[in-house]
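The values are calculated or read from the model by the stated rules, or taken from the named source; none is laboratory data. Small disclaimer: the values here were computed from a predicted structure and weren't measured. Quick reminder, even Gly has a Cβ in these numbers, built from the backbone with ideal geometry, and neighbours come from all protein chains shown.
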Amino acid sequence: MTIIPLKDIDEIPFVRILGSRVHMVQIPDVLEIMEHWIQTGPKKCHQIVVTGMHGLVEGHRDENFKTILNSADLFIPDGISPIWIARYYGFPLKKRATGSDLVSEFCQLSNVKNYKHFFYGDTEDTLQLLKDKLQEKFPGLKVVGAFSPPFRPLTHEEDEEIVRMINESKPDVLWVGLGLPKQERWIFEHRERLNVPVAVGVGAVFKFLSGKVKRAPSWIGDHGLEWLWRFLHEPRKLWRRVLIDGSEFTFYVLLEISGLEGDGNKR
């Protein structure tokens, strides 16, 4: 897929899957869009959603969450399911745009452009491993902050302090790893107060890139079998997503494609 000219960023093609607007982009497109937002400054915090079947099913079940997905400035199709659907609608996307690949590719770009990063979420141990791994792979990478929030609801004072800490660090990109749908809700609820050009929800990416959780080999993911790989490695965590969410997603997508439910229109 060709890189989207900057003048056309507001006209990124998309398809609606289970009522959510999914943009037809690949990693090079996303990098260019992120750079454009960074270069225009933190006048607005642009929210990027990176998900596939899991997020789309959550949005189908919860209208409030679907509103958050559709309010995002960019919805990147992660997972093989939205790629197959995109191809059905005539968009020849070659591969998934995974959160792990996005973070890695943007860190590589940052080494040249000196972009600054803040990592929010997961545990202190994971964040330290993540910073060590990334700075080993990308020497000179500017990580201006990392914070592991408590695993409980924050007080108003704690919430204000976290926003202040992020803003004072002046990152170009805020990576949020709180898990879906929590991270998308958090960005949506805070983006008016965040002086950050780009905020991206990346789920379990901190664990993958830190080495805490082993990622599936690329050939497995490219053949649409990463869900099976992860299920075999984390069956207790993922059984519901694979067996229940997967079946529900397939059922409602077939209804949508047949025209019996929803809107599969593309733009």
Output the residue which, of all residues in the stretch 34-80 that are more than 11 Å from the chain's Cα centre (by Cα) and among the hydroxyl-bearing types (Ser, Thr, Tyr), is farthest from ARG96 (Cα to Cα). THR40
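When the residues of the stretch 173-218 are filtered to those that are part of a loop (DSSP other than H, G, I, E, B) and aliphatic (A, V, I, L, M), which remaining residue is farthest from PHE119 (Cα to Cα)?
It comes out as ALA216.
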Considering only residues that are at pLDDT below 90 and over 15 Å from the mean Cα position of the chain (by Cα), which ones fall in the stretch 90-122? PRO92, LEU93, LYS94, LYS95
So how many residues does the stretch 53-99 have that are buried (at least 23 other Cβ atoms within 10 Å of the Cβ), within 13 Å of GLY19 (Cα to Cα) and of a type in the set (Gly, Ala, Ser)? 2
Looking at this structure, is ARG185 surrounded by fewer than 19 Cβ atoms within 10 Å (Cβ to Cβ), modelled with pLDDT under 95 and in contact with a Phe, Trp or Tyr (Cβ under 9 Å, 6 or more places away or on another chain)? no
Long-range neighbours under 6 Å by Cβ, at least six apart or interchain, first residue under 17 Å from ASP172 (Cβ atoms) within the stretch 91-112, second crowded, with 23+ Cβ neighbours inside 10 Å: VAL103/VAL205
Of the residues in the stretch 123-152, how many are of a type in the set (Phe, Trp, Tyr) and within 18 Å of the chain's Cα centre (by Cα)? 0
Mind checking whether some residue in the stretch 144-158 is buried (at least 20 other Cβ atoms within 10 Å of the Cβ), among the small types (Gly, Ala, Ser), in a helix (DSSP H, G or I) and in contact (Cβ under 8 Å) with a residue 12 or more places away in the chain? no
Matching residues in the stretch 100-137 (buried (at least 17 other Cβ atoms within 10 Å of the Cβ), among the hydrophobic types (A, V, I, L, M, F, W, C) and within 25 Å of GLN39 (Cα to Cα)) number 7
